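Asks: Dropping the structure in here first, questions after.
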Amino acid sequence: SADIRDEATFRLALDQQSEAMKTRARELWSAVRDLATAWAALRRARQTAGAMSAATHADLDEQMRWLLAPGFIWRVPHPPDLARFVHAQCARLERLTHAAAADHQRQQQVALYWTPCKKLISQCVAGKRAVPAELLRLRWLIEEYRVSLFAQKLGTREKVSVKRLDQNLSAAVSASASLTG
């Protein structure tokens, strides 16, 4: 930002920031509106879904708790993605009645990355330490991985693979270890 040395420069900077804040507020409002629509669809899908295992039920609930944790809108790198992550749960429920075993297998594939990721995040929070950028990157890459496994037709923001997840998990573990040691 430029040095502000007079009233005219101050007013210009204020106007520019005001427009940027209005634009950001509109973007966030749109993301929250889309998320609310997706949430309503998910609630309907869960009511009409056939029987699901306790593990699947718990997995879906846990994902929503982490997605919608207090302050969620400020934590997600791309707020519009939240609705896509919830729609992926809907797609998962649609497939569940016909492919429960495949769903369980996909859930286990996600757990290979999600379990250590949430453990590392929880350790940072418990220790009142900032969550390293590498760990946050892994966290959101795992959400993209869920989309790729359970709702491929929705597409992902970026390419996601086991190799990429392995690399990001390794980087997250290293970054987290450097904070504690």
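None of the figures in this text is laboratory data; all of them are computed from the coordinates on show. No experiment lies behind these values; they were computed from the predicted model shown. Backbone-built Cβ (ideal geometry, glycine too); neighbour counts: all protein chains shown.
Asks: Taking the Cα centre of region 1-62 as origin, work out the dipole magnitude from +1 charges on Lys and Arg Cβ and -1 charges on Asp and Glu Cβ, in debye rounded to 20.
Replies: 380
Asks: To make sure I understand, if each residue's beta carbon is the centre and we count other beta carbons within 10 Å, what order do Met64, Met52, Met21 fall in, fewest to most?
Replies: Numbers: Met64 15, Met52 18, Met21 10.
Going from sparsest to densest Cβ surroundings: Met21, Met64, Met52.
Asks: Using a 10 Å cut-off around each Cβ, can you sort Arg5, Arg24, Arg164, Arg92 from fewest to most neighbouring Cβ atoms?
Replies: Arg5, Arg24, Arg164, Arg92
Asks: If you don't mind, another one. Quick one: length gained pulling Ala133 to Ala111 fully straight, 0.36 nm per residue minus the C-alpha distance?
Replies: 5.9 nm
Asks: Ok, one more. When the chain is fully extended, how far beyond the present Cα-Cα distance does Ser30 get from Arg5, taking 0.36 nm per residue of separation?
Replies: 5.3 nm
Asks: Considering Cα pairs under 8 angstrom that are at least six residues apart, work out the relative contact order of region 109-180 and quote it in whole percent.
Replies: Value for region 109-180: 39 percent.
Asks: Tell me the Kirkwood radius of region 1-151: reciprocal of the mean inverse pair distance over distinct alpha-carbon atoms, in Å. It would help to have the intermediate numbers written out before the result.
Replies: Numbers: mean 1/r = 0.0565 Å⁻¹.
Averaging 1/r across every pair of different Cα atoms and inverting gives 17.7 Å.
Asks: What do you get for Rg/Rh of region 7-67 when both radii come from the Cα atoms and Rh is the Kirkwood radius?
Replies: 1.36
Asks: Okay, moving on. List the lysines whose Cα sits under 21 Å from the Cα of Lys118, skipping any in the same chain fewer than 8 residues away.
Replies: Excluding near neighbours in sequence, the set is Lys128, Lys163.
Asks: To continue, here is another question. Calculate the translational D of region 51-109 in whole µm² s⁻¹ from Stokes-Einstein, where the hydrodynamic radius comes from the Kirkwood formula applied to all Cα pairs, the temperature is 37 °C and the viscosity 0.692 mPa s. Before the final figure, lay out each step's value.
Replies: Values: Rh = 12.4 Å.
Here the translational diffusion coefficient equals 264 µm²/s.
Asks: Hey, how much of the P(r) for region 112-181 falls beyond 15 Å, as a percent of Cα pairs?
Replies: Details: 1205 of 2415 pairs.
The proportion of pairs with Cα distances above 15 Å equals 50 percent.
Asks: With a cut-off of 15 Å, note down the residues of region 135-178 whose backbone N falls inside the zone around a label point 7 Å from the Cα of Arg44 toward its beta carbon.
Replies: Counting backbone N atoms under 15 Å from the label point, the list is empty.
Asks: Which value in deg cm²/dmol, rounded to the nearest 500, describes the helix-derived mean residue ellipticity at 222 nm for the chain, given -39,500 (n - 2.57) per DSSP H run of n ≥ 4 and division by the residue count?
Replies: That calculation yields -26500 deg cm²/dmol at 222 nm.
Asks: Less than 17 Å from a label point 7 Å out along the Cα-to-Cβ axis of His98: which backbone N atoms in region 39-58 qualify, by residue?
Replies: So the set is 49-51.
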